[in-house]
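Read the structure below first, then the notes.
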Amino acid sequence: MFRIRRIFDDSLPFDRQEIQRVQEILRERFPGLSESEVADLPRRLNDPVEFRFRSHLFVADNARGAVRGFAMVLHDRAERFVYLDYIATDPQKRGSGVGGALYERVREEARSLDALGVFFECLPDEREECASEEEYVQNVARLRFYERYGARPIVNTKYELAPREDQKGMPYLVFDDLGTGKPLRRAATRKIVRAILQNRYRHAFGSSYVDEVVASFVDDPVQLRPKRYRAPKARENPQGKTASAPIVLVANARHEIHHVKDRGYVEAPVRIRAIRKDLDQSGLFREVKPRHFAESHILAVHDRSYFEFFKRVCRGLPEGKSVYPYVFPLRNQARAPKELSVRAGYYCMDTFTPLNSNALVAALSAVDCALTAAEAVLHGERLAYALVRPPGHHAERAAFGGFCYFNNNAIAANFLCAHGRVAILDIDYHHGNGQQTIFYDRPDVLTVSVHGHPSFAYPYFSGFAEENGVEQGEGFNWNLPLPEKVDGRRYGAVLSKALRKIEEFAPQFLVVALGLDTAKGDPTGTWSLSPADFRANGRRIGAARLRTVVVQEGGYRTRNLGTNARAFFEGIVEGMEESNSPSKARGEGHDASRA
């Protein structure tokens, strides 16, 4: 089993290790490739301006990080084309379907980028142009493989013209129209060929050579070689296709048991079903099962006495029985009352968050989902979504409330901060008091919350602008309380301000506490954000280009929950892709450029 994922840069140790393995495969498969070309791989990912293309590196690996193959794709946004630079498998893993899955992933990426098609180079399948019979057989197999997808060499040009008299076996330029059947126009192709020769190969060719090759493209539309090989139609690889979806989804399958049917209790299972309905139709998500994590991750964030109290009370209640707090220890917090109906309020902050036998099971499962999403990002994924209930951002170190028992996003952030700086961005309508109190004296986690002002919005006693942190954490908590009436334009401006603060902090990871209760008509909020606003806000967050874990918090108007969630995630993906594009941007190989 393997997955295919994109590596954006070398900022994380896990990605650096896989990039090093990719470099090893390059050396093994393409011994004629210069060491500088291999060494430049991380820089090509990090600096699209210098290399004139945005480089997309896809690796086929397993959960342990064993790289089985890779593909390097260059994207030119201005000329709307994708160039397949390298595609290779581990020499020990040939014939395992990895190469096909990688190429299918490249084609999907080209479609998502609205490219005219995929261009790449293949060494000729003519005997007289090959140095040996073995090379001829390999070249035939390669072009036969690509022809299955409709990709064929462009003919009637001087692209195979050798820049020096002593060079033989120059590669074909192959074009894959991605199954559209649209003709390739001469004017567009000339620009593309010039970009390939000048930018991909940089200073390898003189201007007169480039001009001669470009001018040789005279057919309009450009002509492809007739089909030469008979082969069965290429089939989509389900594994590769599933693995290409950009967002990892970790859903809390055990949330359904936490169904409090008391009148007015809006934190109901239908919320998750409403979100899933739209997300499942988007094609953006690939679901992974949550794995179980040790309780130590919860205890790193929550007080042990609270944790043990919560477990003991929930496990001791009969099925279907809920206890609501109604008495709170304002004067003496040293002694916990013996009577359960009174003791329920010892660790609580409101009267509407019940204790019952299923709350513990659902809350523990939600933590596992958040940690699984965080682990996915730590292991190289760019974006992961923990779709959970009960929510968590109101849960403090030793207090529950606001439908929250364990602070899922704080637990995920604490897990990640062992590997780099973390920012939590809370965009729920209500203040994220839980993570504020948990990290209030710490400088390694920046907590930012955009919310309704506590003068009218829960939790009422926190979320003021002057709450900035204490001791070492001073300056690392930032609240942006807003008035009762806020539209999308006002919200977007404040969110941009919050993101600038996060950019100054320069974190390696971003945890987003996603509240959909900022939407128009939500029964717990007063703002009026539309699906277009959620999309725009997602785009702003995606443009930060941070490894991001999104944890579901509030949102209670089921009629538009799914629409708004889908718009938000579509915006994040768009923002990440837009920020990956530079303003504008020949070798040994497959290296697709010399295969």
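Just to check I understand the Karplus step: with θ = phi - 60° and J = 6.51 cos²θ - 1.76 cosθ + 1.60, what whole-Hz values come out for the stretch 168-182, glycine and proline as x?
Once θ is set to phi - 60°, the couplings for the stretch 168-182 become 10, x, 5, x, 6, 9, 9, 10, 10, 7, 6, x, 7, x, 6 Hz.
Using a cut-off of 13 Å between alpha-carbon atoms, which aspartates and glutamates can reach LYS289, once sequence neighbours fewer than 8 places away in the same chain are excluded?
ASP368, GLU375
Given the DSSP H assignment, sum -39500 (n - 2.57) over each helix run of at least 4 residues in the chain and divide by its residue total; what's the result at 222 nm in deg cm²/dmol, nearest 500?
-10500 deg cm²/dmol
Show me 386-399, 560-573, 465-478, 353-366 ranked by packing, highest mean number of other Cβ atoms within 10 Å first.
Most protected by this proxy first, the peptides run 386-399, 560-573, 353-366, 465-478.
Each residue of the stretch 423-434 in turn: what ³J(HN,Hα) in whole Hz from Karplus with 6.51, -1.76, 1.60 and θ = phi - 60°, glycine and Pro shown as x?
Once rounded to whole Hz, the list reads 10, 10, 10, 9, 10, 6, 4, 9, 4, x, 5, x.
Given H placed on each backbone N at 1.01 Å, which residues far from ARG545 in sequence or on other chains put an amide H within less than 5 Å of it?
none
Starting from the 7 Å offset along Cα-to-Cβ, what nm value, one decimal, do you get for the label separation of SER282 and SER34?
Result for the modelled spin labels: 4.4 nm.
Please tell me which of these pairs span more than 22 angstrom C-alpha to C-alpha: LYS158/LYS227; LYS168/LYS227; LYS182/LYS227?
Correct reply: LYS168/LYS227.
What does the C-alpha gyration tensor say about the overall shape of the stretch 245-579? Classify as rounded when a/c is under 1.5, otherwise prolate if a/b is larger than b/c, or oblate.
Taking the square roots of the gyration eigenvalues as a ≥ b ≥ c, the stretch 245-579 is rounded.
First check a/c for the stretch 343-420, with a ≥ b ≥ c the square roots of the eigenvalues of its C-alpha gyration tensor; if it is under 1.5, answer rounded, and if not, answer prolate when a/b is larger than b/c or oblate otherwise.
Prolate.
Pairs LYS277/LYS311; LYS497/LYS520; LYS321/LYS485: which exceed 27 Å Cα-Cα?
Going by Cα-Cα distance, LYS277/LYS311; LYS321/LYS485 fall outside the 27 Å limit.
Can you classify the stretch 3-240 as rounded, prolate or oblate using the Cα gyration tensor, where a ≥ b ≥ c are the square roots of its eigenvalues, rounded means a/c under 1.5, and otherwise it's prolate if a/b beats b/c and oblate if not?
rounded
Residues in the stretch 145-185, backbone N under 14 Å from the label point at ALA204 (7 Å along the Cα-to-beta-carbon vector): list them, ranges by number please.
Residues 159-164, 167-174 fall inside that zone.
Only one of the listed values, [x] 1.06; [y] 1.10; [z] 1.02, was derived from the coordinates as Rg/Rh (Cα atoms, Kirkwood Rh); which label is it?
Entry [x].
Each label point is 7 Å from the Cα along the Cα-to-Cβ direction; what then is the distance between the points at SER455 and ASP211, in nm?
Taking the two extended label points, one gets 7.1 nm.
Got a sec to turn the phi values of the stretch 504-521 into Karplus ³J(HN,Hα) couplings, 6.51 cos²θ - 1.76 cosθ + 1.60 with θ = phi - 60°, whole Hz, x for Gly and Pro?
5, 5, 6, x, 8, 9, 10, 10, 9, 8, 8, x, 9, 7, 7, 6, 4, x
When the chain is fully extended, how far beyond the present Cα-Cα distance does GLU503 get from GLU165, taking 0.36 nm per residue of separation?
My answer for the length gained is 116.4 nm.
Every read-out reported here was derived from the displayed coordinates using simple, explicitly stated rules and does not represent laboratory data. Keep in mind that this is a model prediction, so the values were computed, not measured. Please note: Cβ atoms are built from the backbone with ideal geometry, for glycine as well, and neighbour counts cover all protein chains shown.
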